Every structure is written in C-alpha cells, then in structure tokens.
Amino acid sequence: MKIRASTLDDILHEAFERLLRTGRHVTETTKGENLEASGVVIELTNPRSRMSRSEARHSLFGYLGELLWYLSGDDSLPFIRYYIPKYPDDRNGASTLRAAYGPRLRDPDKDQLLWIVEMLQNKRNTRRAVIPLYSVQDTFTDLPEVPCTCSLQFLLRNERLELLTHMRSNDAYVGLPGDVFAFTMIQELVARAINVEVGTYKHLVGSLHLYKANWNDARRFLAEGWQTRHSMPFMPLGNQLGNLAVVQRLEKALREGRNPRTPPSLPPYWQDIVQLLRIHKADKKAAKSIEISLLRRGMSSDAYNPYIETKRRIAQKRERAQQADARRTLFPL
C-alpha cells in the first residue's frame with residue numbers, strides 16, 4: 001500500500017478506507033483481531049498539515065503532550081497519563097516505561113537530537129543522520145510493550161530536510177495520527193536548527209493495522225467526508241531548541257499544579273503552545289466554558305480553534321449536567 005497526500009486527514013481517509021476494504025484479516029495477535037496491510041509507504045507532502053480536523057480525531061492535546069514527553073527525555077508514566085490517561089504500561093505497577101522514546105532520544109550522555117543537528121550542520125549530504133529507537137535489547141525482552149518505531153532518518157536534500165520514519169508496527173487509528181504529529185514536529189525543529197525548510201515526510205510501516213474495536217470509529221471518520229485543508233503556523237526561523245526548553249519548563253510547572261508566567265520574549269508560536277497547555281490544564285480541572293473562552297483569546301493563531309472549541313463544548317455540557325442535577329435536588333419528583 002502506498003499513500004501520498006498533503007494533509008494528515010487525507011492520509012487517514014485513504015488508510016482507513018483501504019484497510020476496511022482490502023486489509024488482510026489477522027486474528028491471533030496480542031491485542032486482538034485486526035485488518036492489516038504490510039510494507040506500507042505513507043508520504044505527507046506538507047508536514048505542517050499534521051493535525052486532524054475530524055470530530056472523531058480531535059486529540060491535539062494528547063499528541064502535544066506525547067511530543068513534549070519524548071523531547072523531555074522522560075520515561076515517567078504519570079507524565080504521559082496527564083495527557084493520555086489510558087496510556088498503557090509495560091510492567092505491572094511500574095511508574096516508568098522501559099519502552100519510552102524519551103530516554104532513547106535524549107539521553108543526557110548522548111542527546112541524539114543535538115547530535116543530529118550537529119551532524120547535519122557539518123555533513124549536509126550525510127546518510128548517517130539516523131536516530132535508532134528500537135534496540136537489540138527490545139528483541140529479547142518479554143515485556144508487553146516495546147517501541148513501535150525503529151528509526152528516524154534525516155536527509156538534507158536541495159536545502160529541504162526530509163524525514164523517513166521506519167515503524168515495525170502501527171495502529172492506524174490510535175497510533176498513526178500521534179506519530180505523524182510528533183515526528184513531523186521533530187522534523188521541523190531540526191530543520192529550523194540548521195536553517196532550512198522542511199521537505200516531505202515519509203512513514204514506512206511494516207504492519208499497519210486497524211483493530212476491530214476501531215472499525216466503527218474508522219467508518220464514522222469516513223462518513224464525515226473529506227476535511228478542509230489547513231496547517232499549523234510556521235515555526236519561527238532559527239534554532240528553536242532554546243525556546244523549546246522554555247516551553248518544557250512551563251509545561252512541567254503547569255503539570256505540577258503551578259501557574260507560571262509566560263515570558264513575553266517567547267515568540268507567539270511557542271506562546272500558543274503554552275496557552276494550549278493551559279487550556280488542557282483547565283479542562284482537567286473541570287473549568288467553566290467561559291474560562292476556556294478567555295484562554296482562547298490569548299492565542300495568536302486561529303489554527304487551533306477547532307480543538308479549543310471541542311474543550312469549550314465539553315465544559316458547557318458539564319455545566320448543563322451540573323445545572324440539571326441542581327434542579328433535581330431542589331425540585332425532586
């Protein structure tokens with residue numbers, strides 16, 4: 001299977017349609033019955049079109065949290081469950097995940113992200129700018145979770161940075177959208193650090209599958225039809241790793257229950273990312289819809305409005321349920 005499109009939604013539309021129509025039926029797997037295609041090549045020609053506009057896939061806040069978890073070098077389960085509450089563990093009762101990408105990507109003794117930037121600055125046509133995420137130790141482990149991603153390969157060609165991600169396994173409904181979001185963000189971070197534009201993003205998958213539990217979800221996605229095309233704003237020019245470090249400090253403070261001030265010197269692009277983190281925190285605290293609306297006013301870009309509106313509607317629905325409960329208490333039948 002080969003899929004080439006300019007937006008994530010177009011990729012998901014074609015992947016779901018083809019898996020449901022022609023996917024190979026597989027029954028004896030660890031996580032259950034699924035429809036599978038092997039040797040899949042997915043190409044996203046505009047890596048900034050990494051967010052789904054579908055009502056069924058409004059998971060931006062979880063994907064953003066997962067990206068920051070990777071980039072922090074952390075393997076803490078409470079960190080990622082702050083954003084994705086049902087994130088699976090890989091050892092019963094453990095507070096860390098051995099399969100986490102963060103320590104593999106940003107080990108303090110060998111920060112692979114910084115190493116990739118340095119290599120591409122010094123050897124612009126290199127074919128060795130590869131970050132391995134799957135290790136030989138994963139081959140012999142009996143843990144229920146091992147990395148789905150094998151490697152990230154960066155290729156600088158014609159002053160555009162391409163990224164080729166090799167996946168051994170990919171859940172088309174749950175995993176694919178978040179992986180594309182995280183890895184294209186890393187692609188853009190590296191491109192900015194070496195002062196070039198992003199090129200295409202290619203996602204190479206050994207087994208792309210759609211679990212039976214999500215077959216109806218995928219059909220509902222397809223029933224929505226083709227989505228309008230949009231992209232995230234351009235990341236600011238120049239090396240953004242310093243700004244990323246500021247965002248990471250603010251994210252940690254918000255996650256730990258503090259209310260840090262966003263430095264006015266932080267570029268609007270990154271201020272918006274912090275504001276999204278504030279909106280996620282407000283939603284977790286069951287904030288009122290007016291609070292979500294006020295936080296939205298602090299955004300520079302309207303690209304995130306559909307996702308914020310989803311949070312606002314959830315808050316509004318919660319308020320109406322509370323009002324109904326209050327009326328029943330005051331005026332019981």
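The values are calculated or read from the model by the stated rules, or taken from the named source; none is laboratory data. Quantities reported herein were computed from a predicted structural model and do not represent experimental measurements. Here the Cβ positions follow ideal geometry from the backbone for every residue, glycine too, while neighbour counts run over all protein chains shown.
Being in contact with a helix residue (DSSP H, G or I) (Cβ under 8 Å, 6 or more places away or on another chain) and either modelled with pLDDT under 95 or of a type in the set (D, E, K, R) (or both) is the filter here; which residues of segment 272-281 pass it? Talk me through it step by step, then tell me what you get.
Applying the first criterion (in contact with a helix residue (DSSP H, G or I) (Cβ under 8 Å, 6 or more places away or on another chain)) to segment 272-281 yields 273-281.
Within segment 272-281, Arg278, Lys281 qualify.
Go through Glu256, Glu251 for me and flag whichever is modelled with pLDDT of 95 or more, surrounded by fewer than 17 Cβ atoms within 10 Å (Cβ to Cβ) and acidic (Asp, Glu).
On the way: Glu251 fails: surrounded by fewer than 17 Cβ atoms within 10 Å (Cβ to Cβ).
Being modelled with pLDDT of 95 or more, surrounded by fewer than 17 Cβ atoms within 10 Å (Cβ to Cβ) and acidic (Asp, Glu) holds for just one of Glu256, Glu251, which is Glu256.
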* **Checklist (1) in the same structural domain as Leu8 (by TED's automatic domain parsing); (2) under 18 Å from the mean Cα position of the chain (by Cα) applied to Ser207, failing item** => (2)
* To do: Quickly run through segment 30-72 and pick out the residues that are touching a Pro at 6+ places or on another chain (Cβ under 8 Å) and farther than 30 Å from Asp302 by Cα.
  => Thr30
* Structure fact -> Screening Ala287, Ala321 for residues that are of a type outside the set (D, E, K, R), assigned to a loop (DSSP other than H, G, I, E, B) and over 19 Å from Leu71 (Cβ atoms) leaves only Ala287
* Meets criteria (small (Gly, Ala, Ser), under 30 Å from Leu20 (Cβ atoms), in contact (Cβ under 8 Å) with a residue 24 or more places away in the chain and outside the structural domain of Ile84 (by TED's automatic domain parsing)) for Ser169 -> no
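Would you check which residues across segment 184-206 are among the hydrophobic types (A, V, I, L, M, F, W, C), touching a residue at least 60 places away in the same chain (Cβ under 8 Å) and not in a loop (DSSP other than H, G, I, E, B) and list them? Please lay out each step first, then the result.
Going residue by residue through segment 184-206, those that are among the hydrophobic types (A, V, I, L, M, F, W, C) are 185-186, 189-191, 193-194, 196, 198, 204-205.
When the remaining residues are screened for being touching a residue at least 60 places away in the same chain (Cβ under 8 Å), the result is 185-186, 189-190, 193-194, 198, 204-205.
Once the filter is applied, which keeps residues that are among the hydrophobic types (A, V, I, L, M, F, W, C), touching a residue at least 60 places away in the same chain (Cβ under 8 Å) and not in a loop (DSSP other than H, G, I, E, B), segment 184-206 yields Met185, Ile186, Leu189, Val190, Ala193, Val198, Leu204, Val205.
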* To do: Would you check which residues across segment 253-268 are touching a helix residue (DSSP H, G or I) at 6+ places or on another chain (Cβ under 8 Å), assigned to a helix (DSSP H, G or I) and without any contact (Cβ under 8 Å) to a residue 40 or more places away in the chain and list them?
  => Leu254
* Structure fact -> Filtering segment 1-40 down to residues that are closer than 13 Å to Ala172 by Cα and of a type in the set (S, T, N, Q) yields Asn34, Ser38
* Any hit, segment 42-51, residues being in contact with a Leu (Cβ under 6 Å, 6 or more places away or on another chain) and basic (Lys, Arg) -> yes
* **Number of the exception - Phe181 against (1) assigned to a helix (DSSP H, G or I); (2) in contact with a strand residue (DSSP E or B) (Cβ under 7 Å, 6 or more places away or on another chain); (3) closer than 24 Å to Glu14 by Cα** => (2)
* To do: Scan segment 236-247 and give yes if some residue there is at pLDDT 95 or above and touching a Lys or Arg at 6+ places or on another chain (Cβ under 6 Å), otherwise no.
  => yes
* **Any hit, segment 207-225, residues being on the phi < 0 side of the Ramachandran plot, surrounded by 15 or more Cβ atoms within 10 Å (Cβ to Cβ), without any contact (Cβ under 8 Å) to a residue 60 or more places away in the chain and not in a helix (DSSP H, G or I)** => no
